[in-house]
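This report concerns only the one structure given below.
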Amino acid sequence: MSRPLILALPKGRILDEAAGIFARAGYDLAPVFGDSRKLVHECGPLRVLVLRNSDIATYVAHGAADAGVVGSDVLDEEGRELYEPLDLGIGRCRMIVAERADQPVDDRTLSHLRVATKYPRTTRRYLEAKGITAELIKLSGAIELGPLTGLCERVVDITQTGETLRQNGLVEVDTVAQVSARLVVSPARLKLDGDRLGAMIDKLERALQAS
């Protein structure tokens, strides 16, 4: 008997929204919500791994998962060669540029612009497209603190409502990209198990069209 398809899903809000789409496609992911400490869940034809959003593309790229749901911000940053058959339309947010509201930056006159971000590759591409020269500072959390402490003048981060930025005295000055969660599939696994993966993609696509 063939093993279940291995699906990697992110923790948090996207997991809840993805479960709804999979339910409409005929896949019951209820076991995932039964024990929050478990990381592997048997869901009928699917074996679900619950991971950090930032790790999902790695699991799929290396074949440890057949498919996954991951934010387009992670996919753009990592640039892995994965098949992206569906934009699930969930986990929507924006990748933005922000600075202190009380210290607006004129990047045309500033001699040394510093930009802090979790997304250095994406930010570098954005800056190059804008013709802006800047020093990039890689951070993993609390990006908003950068301008407040003098670490940097601007940040590039994702936001859903902008409320956290406002509460920390920051203001958006540009949008880098619109972000949403995508279904990604391992090209190698698609060649080996194309029938089952193709059937899952078709069911999810019909579920999205019917919603």
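For segment 73-92, check the following and say yes or no: at least one residue is surrounded by fewer than 21 Cβ atoms within 10 Å (Cβ to Cβ), part of a loop (DSSP other than H, G, I, E, B) and either free of Cβ contacts under 8 Å to residues at least 40 places away in the same chain or acidic (Asp, Glu) (or both).
Yes, some residue in segment 73-92 is surrounded by fewer than 21 Cβ atoms within 10 Å (Cβ to Cβ), part of a loop (DSSP other than H, G, I, E, B) and either free of Cβ contacts under 8 Å to residues at least 40 places away in the same chain or acidic (Asp, Glu) (or both).
Take Ala134 and tell me if it is among the small types (Gly, Ala, Ser) and either free of Cβ contacts under 8 Å to residues at least 12 places away in the same chain or in contact with a helix residue (DSSP H, G or I) (Cβ under 7 Å, 6 or more places away or on another chain) (or both).
Considered against the rule, which asks whether it is among the small types (Gly, Ala, Ser) and either free of Cβ contacts under 8 Å to residues at least 12 places away in the same chain or in contact with a helix residue (DSSP H, G or I) (Cβ under 7 Å, 6 or more places away or on another chain) (or both), Ala134 comes out as yes.
Contact list please: Cβ distance under 7 Å, first residue in segment 48-72 and farther than 19 Å from Gly20 by Cα, second residue part of a helix (DSSP H, G or I) and not hydrophobic (A, V, I, L, M, F, W, C), pairs at least six apart or on different chains.
Ala57/Glu78; Gly63/Arg189; Ala65/Tyr59; Asp66/Arg189
Determine which single condition Ser111 fails, assuming it passes every other condition in (1) over 18 Å from Ile56 (Cα atoms); (2) surrounded by 15 or more Cβ atoms within 10 Å (Cβ to Cβ); (3) modelled with pLDDT under 95.
All conditions are met except number (2).
Does Glu99 satisfy the criteria of being within 23 Å of Gly141 (Cβ to Cβ) and part of a helix (DSSP H, G or I)?
Here the answer is no, as Glu99 does not meet what is asked.
Tally time: how many residues in segment 10-28 are touching a strand residue (DSSP E or B) at 6+ places or on another chain (Cβ under 9 Å), free of Cβ contacts under 8 Å to residues at least 60 places away in the same chain and more than 15 Å from Ala181 (Cβ to Cβ)?
1
The values are calculated or read from the model by the stated rules, or taken from the named source; none is laboratory data. Remember, predicted model here, so these are calculated numbers, not experimental data. With ideal geometry, Cβ positions are generated from the backbone for all residues, glycine too; neighbour counts draw on all protein chains shown.
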